[in-house]
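The values are calculated or read from the model by the stated rules, or taken from the named source; none is laboratory data. Quick caveat, the model's predicted, so the values are computed rather than measured. Cβ atoms come from the backbone with ideal geometry, glycine included; neighbour counts cover every protein chain shown.
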Amino acid sequence: MIDNLTKSQQAVRRAGGATRALLAVSVALLAVLAAIFTYLLVHQHSLRDSVREDALWAVYQLDREARALAQEVDHVLAHGNTGEQTAEDLTQRYDILYSRLSLLRSGQYLSLFESNPTFSEQRAVASALILSLQPDFDHIANFRAVTPQALARFDTALTELYTITGQILTSTNATLSTARADNRDDIMRLQSLSGMVIVGLTLAIGILVFTLMKQLRIVRTASDELAATANELRIAYDAAEAGNLAKSEFMATMGHEIRTPLNAILGMAELLTLSNLANTEREYVSVIASAGSSLLEIINEILDFSKLEHGSMTVEHVVFDVRKLAEHAAHVMEGRAREQNTRIDLAMDLSGPETGFDSDPTLVQRVLLNLVSNAVKFTRNGIVRIAVSDVRETGLLRIEVCDTGVGIAPEATKRLFSPFTQVDGSIARRFGGTGLGLAICKRIVEALDGRIGVDSVPGVGSKFWFEVPAVRKPLPAAASVEASAADASLPRLRVLLVEDHPTNRQVAGRFLETLGQQVVFACDGEEGVAIAARETFDLILMDMQMPGLDGIAATRLIRASGDMTPIVALTANASDRDRDLCMTVGMNKFMSKPVTMKHLATLLGEMGRRPGAAPSEARAAMAPPVGSAGIEASRLKELVDVIGEDEVRKLVGTFLDEAPAMLRDLRDAMTRNDEQLIDRTLHNLKGAAATLGFDALAALAHAYRGSGVDVRKADRLSEEIEAIGNTITHKAA
Amino acid sequence: MKSLILAALLALAPALPAYASAIDAPKGKVILTVAGNIQHKNSESGAEFDLSMLEQIPGRNAAMQTPWTEGEVAFGGPLLRNILDRVGASGKTLHIIALNDYAADIPIEDARKLDTILALKMDGKPLSVRDKGPLFLIYPFDKNPELYNEKYFSRSVWQIKKIEIRD
């Protein structure tokens, strides 16, 4: 492939060389031709300059007039007529001859005469002879009489004159003939030279055309080869891309496979720390837990990165409290920092008192945690400072993480945000880590349309910062729900745990029991559905990946039976698509595996506050009706946020359609005194109302379940449902 | 001879009144005779002009270079076409004859279209035979430089004595 390309490249170059040589020859020949043409032009110019009356003709006339005068004199001598007419005729003849004399003196003929010394001499003699006759002819003109003495003098002088003019005539003719012949030879030589040049030029152009045609052919071949090569490259690229995709798939699968046993290790370690252990063993267990956590972190990073590499990241917009977010990050990292004798500071420098911003808190949190974690990792006996600021005009939220750690050399900061890069190998050995953290941060920040950077001085410390567009917004009241409420005041709930993996099941079960929950186990989807149909629960924890009926299918079946018990998905495969699917089939929440006790506690805390799942009547009864017609606005909003407005409207519609039937069932049951049916109907009513955020109705239904129901109470329920119906319809209009 | 011609003219005068009214008889020495296809004559041989008659015919005076003179020289004399008009010439060719019987044919257009003169004077002085006089046919080399070549040099007849108008 490359050989072919090289060959054609050489061929093109060779052909180009020949063309250049031929072009040079042609240009040289053209230059010669131009020179010849210029010479001819100049020559022509000088020809035009030399335009003059024919010298030969002038000399001939001189000779002719000399002879004519001589003849006239002879005639007079022969006939002896020396009268007035004769004098006049002779004078005129002499005047004509005299007028020819000026020709010999004229500058335009001098060049011809000067080229030959004999010429000059003859010219001088001729002039002198003619001028010597002037006194005699002037005399004749004045007295109109001719003397025989004068005639004799004329005869001698004129004979001598025409002999000389004859010689001049012959010499002039010879000189001019030579010059003409030389000139002709000159022109002929130039002509033959031009002819040769033109032949050469024609030849050169012919070869040039031939070479160009050849070159054209070579270029065409080369371009074909180029196209073929490009095609091969594209195929190779596709293959590489497919390989990369397969690699990512493999990584995701492996990640899942690794995380499941890791889940068991971490869970068991956590349980071990809860039992009575000797100090040494407690330390061993904590090492196991911390090593496991690090391993989990690395796996998560790798999986995150492979996910990001395929651009499958979606950005949400939620109003969040940036102060809480920063505090949380500080809190999470505090333990590790304390081990290194490092303090974490928090500096809020916001443009106003409100702390609500609209962005993706999950992603911002991840970036911040990563930066703080890095800062802590590289700082000993120092300070890590989280500084939060914002630019209200441009709607930018800026978070800086400064440390007093080892710092980074300037040349290394450029590579810092590329994947699999650490400042140098020794750092990898000293501090560990995949080197993916900052690369992930960069991609996340870029997904948020933000910027990330670092300023660092080696030995002094580093300042990592990022800016993301985040508009200030007031915090919703419900957003104040705190996750950290996982404390001893957890409600006691009946929880159904549907999980096929025995270890996971055991771990999660033990967690729940430790947290004081009542747990029922199901080993697969079918069993889970069966149990859920048979018994009533406050919460169902549903594993997503199970043989046979999986979490999604089981949830569908449970929801299809009208059971609105909150279902929380448990999955190790936390993609956005999976989450969407969970919500679509009617799950309420989503929990990433491995399950930790803290997560579970948080979840249970949240569930406990759900009026529908309220553990005691007292709490339920005390739950104050919020909003118009007892509709919990934040719950509805949450529903809208999670499953979409259309779905919520549909759900509410369904609820309002079915509610009268349920009330009818209730009244029927009351008439027949069917306690069980009454209770189930109230339960169903309560569950549905709670799910949709009709808190007042749910509270009523729940309260009546305990205290018993009568006609007045049934009417009260009808009124409540009617009120809800009116409010919803009013709102929709 | 002169008196003879005069007598002949006087004898013919009543029969050909146009003669007298068109061209007067020359009073001085005749220096130019125009013959051939002409309407107005003042002698048997054609129209004869002396110096003063020619000087009265409108002409031009212009400085120019010629192959026969050194540097710029001013030639002055009547325009050839005015002379032709004066004699009522009609024809295609002018046969111009010099004192030494040299003759040249020139197309009549050279007179009609070009400001060709019969030079009488050079630098204000009359042309003698020794100066190629008394009449020298001078083309307007100053106005029409393209005429400066051998073709027109050979037509530039000097020492002119007679012009014959031919078809």
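How many residues does segment B:142-161 contain that are away from chain A (no Cβ under 11 Å) and touching a residue at least 60 places away in the same chain (Cβ under 8 Å)?
Total satisfying the criteria: 4.
Could you check how many residues of segment A:87-101 are surrounded by fewer than 20 Cβ atoms within 10 Å (Cβ to Cβ) and more than 9 Å from chain B (Cβ to nearest Cβ)?
2
Based on what the data block shows, is B:Glu109 more than 11 Å from every other protein chain (Cβ to nearest Cβ), surrounded by 15 or more Cβ atoms within 10 Å (Cβ to Cβ) and either modelled with pLDDT of 90 or more or in contact with a Leu (Cβ under 6 Å, 6 or more places away or on another chain) (or both)?
Values: more than 11 Å from every other protein chain (Cβ to nearest Cβ): yes; surrounded by 15 or more Cβ atoms within 10 Å (Cβ to Cβ): no; either modelled with pLDDT of 90 or more or in contact with a Leu (Cβ under 6 Å, 6 or more places away or on another chain) (or both): yes.
For B:Glu109, the condition - more than 11 Å from every other protein chain (Cβ to nearest Cβ), surrounded by 15 or more Cβ atoms within 10 Å (Cβ to Cβ) and either modelled with pLDDT of 90 or more or in contact with a Leu (Cβ under 6 Å, 6 or more places away or on another chain) (or both) - is not met.
Specify the residue that is nearest to the other protein chains (Cβ to nearest Cβ); the eligible residues are those in segment B:119-141 that are aliphatic (A, V, I, L, M) and free of Cβ contacts under 8 Å to residues at least 60 places away in the same chain.
B:Val129
Residues B:Pro67, B:Pro78: which one is within 21 Å of B:Asp142 (Cβ to Cβ) and assigned to a strand (DSSP E or B)?
When all the criteria are applied, what remains is B:Pro78.
In segment A:115-158, what count of residues is obtained for those that are touching a residue at least 40 places away in the same chain (Cβ under 8 Å), surrounded by fewer than 18 Cβ atoms within 10 Å (Cβ to Cβ) and of a type in the set (D, E, K, R)?
The number of residues fulfilling the criteria is 2.
Go through A:Ile678, A:Ile643 for me and flag whichever is modelled with pLDDT under 80 and either touching a Phe, Trp or Tyr at 6+ places or on another chain (Cβ under 6 Å) or surrounded by 15 or more Cβ atoms within 10 Å (Cβ to Cβ) (or both). Full working, then the answer.
On the way: A:Ile678 fails: modelled with pLDDT under 80.
Only one candidate passes the filter, namely A:Ile643.
Looking at (1) touching a helix residue (DSSP H, G or I) at 6+ places or on another chain (Cβ under 9 Å); (2) crowded, with 21+ Cβ neighbours inside 10 Å, which one does B:Phe75 not meet, given that it meets all the others?
Condition not satisfied by B:Phe75: (1).
Can we say A:Asp155 is touching a Leu at 6+ places or on another chain (Cβ under 8 Å) and in the same structural domain as A:Gln85 (by TED's automatic domain parsing)?
Answer is yes for this residue.
Starting from residues that are over 13 Å from the mean Cα position of the chain (by Cα) and closer than 17 Å to B:Leu127 by Cβ, keep the ones in segment B:72-98 and report whichever is farthest from the other protein chains (Cβ to nearest Cβ).
Only one residue fits best here, namely B:Ala74.
Would you tally the residues in segment B:81-106 being crowded, with 21+ Cβ neighbours inside 10 Å and closer than 21 Å to B:Phe141 by Cα?
Looking only at that region, the number is 4.
Check B:Thr66 against each of (1) within 14 Å of chain A (Cβ to nearest Cβ); (2) in contact with a Pro (Cβ under 6 Å, 6 or more places away or on another chain); (3) among the polar types (S, T, N, Q) and name the one condition it does not meet.
Checking B:Thr66 against (1) within 14 Å of chain A (Cβ to nearest Cβ); (2) in contact with a Pro (Cβ under 6 Å, 6 or more places away or on another chain); (3) among the polar types (S, T, N, Q), the one that fails is (2).
Determine, yes or no, whether B:Thr116 is more than 14 Å from every other protein chain (Cβ to nearest Cβ), surrounded by 20 or more Cβ atoms within 10 Å (Cβ to Cβ), out of contact with any Ser or Thr (no Cβ under 7 Å at 6 or more places or on another chain) and β-branched (Val, Ile, Thr). Let's see the steps before the verdict.
Details: more than 14 Å from every other protein chain (Cβ to nearest Cβ): yes; surrounded by 20 or more Cβ atoms within 10 Å (Cβ to Cβ): yes; out of contact with any Ser or Thr (no Cβ under 7 Å at 6 or more places or on another chain): yes; β-branched (Val, Ile, Thr): yes.
Yes.
Somewhere in segment A:177-192, is a residue over 50 Å from the mean Cα position of the chain (by Cα) and under 14 Å from A:Leu30 (Cα atoms)?
No: segment A:177-192 contains no residue that is over 50 Å from the mean Cα position of the chain (by Cα) and under 14 Å from A:Leu30 (Cα atoms).
Out of the residues in segment A:245-277 that are without any contact (Cβ under 8 Å) to a residue 40 or more places away in the chain and among the polar types (S, T, N, Q), state the one that is surrounded by the most Cβ atoms within 10 Å (Cβ to Cβ).
A:Thr273
Only residues in segment A:386-410 that are at negative phi and assigned to a loop (DSSP other than H, G, I, E, B) count as the first member; pair them with residues that are charged (D, E, K, R) and crowded, with 17+ Cβ neighbours inside 10 Å, Cβ under 7 angstrom, at least 6 apart or cross-chain, and list the lot.
If the second residue must be charged (D, E, K, R) and crowded, with 17+ Cβ neighbours inside 10 Å, the pairs left are A:Arg392/A:Arg472.
Could you pull out every one of the strands (runs of 3 or more DSSP E) wholly within segment A:306-373 that has 1 or more residues that are under 32 Å from the mean Cα position of the chain (by Cα) and not hydrophobic (A, V, I, L, M, F, W, C)?
Once the strands (runs of 3 or more DSSP E) in segment A:306-373 are filtered for at least 1 residues that are under 32 Å from the mean Cα position of the chain (by Cα) and not hydrophobic (A, V, I, L, M, F, W, C), what remains is A:356-359.
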